[in-house]
Amino acid sequence: MDSYTWIGMISIAAAAICMGVGSIGPALGEARALQQALSAMAQQPDEAGPISRTLFIGLAMIESIAIYCLVISIILIFANPFWNHVITKTAAGPGV
Amino acid sequence: MEITPDHLVLLRWGFFHLNATIVYTWVVMLLLVAGGWLATRRITVDGPRGAWQNALEAIVTGIRGQIREVTGGEGGDEHLPFVGTLFLFIAVSNTLDVVPGWHAPTGSLSTTAALAGCVAISVPFFGIRKSGLKGYLHHYFSPTIFMAPFHLMSEFSRTVALAVRLFGNIMSGSMVVALLLVIAPLFIPVLMQVLGLLIGLIQAYIFAILAMVYIAAAIRRQEEPQET
């Protein structure tokens, strides 16, 4: 296998691993935040407004960790700088 | 596949490149200004209100209510123009994503970075206006002077997070729709578009409310210096 194959293979595998492993943590965190917010709302229904607003903000902040992983995965698949380098090398012709 | 409308250059004019992000930002600005002008053309305090005035008053009152819930008191009028503009701009540009051929300007990292930069500048602006330069800078050196780099780092990282969150959500929404069009082009992309509408509005709300939370934190810590 030449180095170009390695670059393509590792990029796709890295994108998959990044998305898969990177979404475990935010999923656990969001589940825990939602669980606590639901039990708090069940105990104090009057405070449902402020609790759900704070929950939304917190969920957005936890979610952004998964979004970072998604952005990196998408960059690795669709706008990979290393792969673009390979393409320009190949377009210039062999032996360059 | 394009991941940002920045690469979609519509017009080249010497050094100046007119890309899709700028054009669609202008369209959003035009829509907002025209809507505001139409709504405030025949504005009345007493007497029957028009439908436009009613709608606009509902929007402004709603945004002000949210700001008051964050600051925890009355007022909030001084932050209403900034936060309301952020919300309306992001909400309109995300909602128009259902229009065919529309490239949401919030799906470009340049736009979201500029918006997050506005928030990062307005936080010290409102803080300094509330308590003066000395009172605002005092926060950075509390409890000790060694905490100053960490305060600066947290302000920088939350600005980056603000930009990347909005960009990632909107860009991934349109990208998922584009991928589904290849896999299952009949009905599924419509459902994802509906989900994208919901996500776009939630992201607009979150962006505006986070900007307000940051501003409120910069203002509130002058009032109670022993807290935070």
Enumeration of residues in the stretch A:17-31 that are more than 11 Å from the chain's Cα centre (by Cα) and over 14 Å from A:THR54 (Cα atoms): A:ALA27, A:LEU28, A:GLY29, A:ALA31
Quick one: is B:GLY107 at pLDDT below 90, in contact with a Gly (Cβ under 9 Å, 6 or more places away or on another chain), small (Gly, Ala, Ser) and within 29 Å of B:VAL177 (Cα to Cα)? yes
Per the filter on the stretch B:1-25, residues within 20 Å of B:MET171 (Cβ to Cβ) and not in a loop (DSSP other than H, G, I, E, B) are B:PRO5, B:ASP6, B:HIS7, B:VAL9, B:LEU10, B:ASN19, B:ALA20, B:THR21, B:ILE22, B:VAL23, B:TYR24, B:THR25
Test result for B:LEU191, outside any helix (DSSP H, G or I), of a type outside the set (Gly, Ala, Ser) and more than 18 Å from A:VAL71 (Cβ to Cβ): no
Tell me, yes or no, whether the stretch B:172-184 has at least one residue that is free of Cβ contacts under 8 Å to residues at least 12 places away in the same chain, part of a loop (DSSP other than H, G, I, E, B) and not aromatic (Phe, Trp, Tyr). yes
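To keep it simple, each residue is scored yes or no on (1) within 25 Å of A:LEU76 (Cβ to Cβ); (2) without any contact (Cβ under 8 Å) to a residue 12 or more places away in the chain; (3) surrounded by fewer than 10 Cβ atoms within 10 Å (Cβ to Cβ).
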site	(1), (2), (3)
B:ILE3	yes, no, no
B:LEU8	yes, no, no
B:HIS17	no, yes, no
B:LEU30	no, yes, no
B:VAL33	no, yes, no
B:TRP37	no, yes, yes
Enumerate the pairs (first residue in the stretch B:133-162 and touching a residue at least 24 places away in the same chain (Cβ under 8 Å); second residue anywhere and in a helix (DSSP H, G or I)) with beta-carbon separation below 6 Å, excluding pairs fewer than 6 apart on the same chain, so at least 6 apart or on different chains. B:GLY135/B:GLN222; B:TYR136/B:GLY127; B:TYR136/B:ILE128; B:HIS139/B:ARG221; B:THR159/B:ALA116; B:THR159/B:ALA120; B:LEU162/B:ALA116
What number of residues in the stretch B:78-95 are crowded, with 18+ Cβ neighbours inside 10 Å, more than 10 Å from the chain's Cα centre (by Cα) and either under 13 Å from B:ALA163 (Cβ atoms) or among the hydrophobic types (A, V, I, L, M, F, W, C) (or both)? 1
Conditions first: (1) within 14 Å of chain A (Cβ to nearest Cβ); (2) loosely packed, with under 12 Cβ neighbours inside 10 Å. B:LYS134 passes all but one, so which condition is the exception? (1)
If we take chain A, then helices (runs of 4 or more DSSP H) inside it with 3 or more residues that are touching a Pro at 6+ places or on another chain (Cβ under 8 Å) and within 13 Å of chain B (Cβ to nearest Cβ) are A:48-78
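The values are calculated or read from the model by the stated rules, or taken from the named source; none is laboratory data. Computed from a prediction, not measured in an experiment: that's the story for all the values here. All Cβ positions, glycine included, derive from the backbone under ideal geometry; neighbour counts span all protein chains shown.
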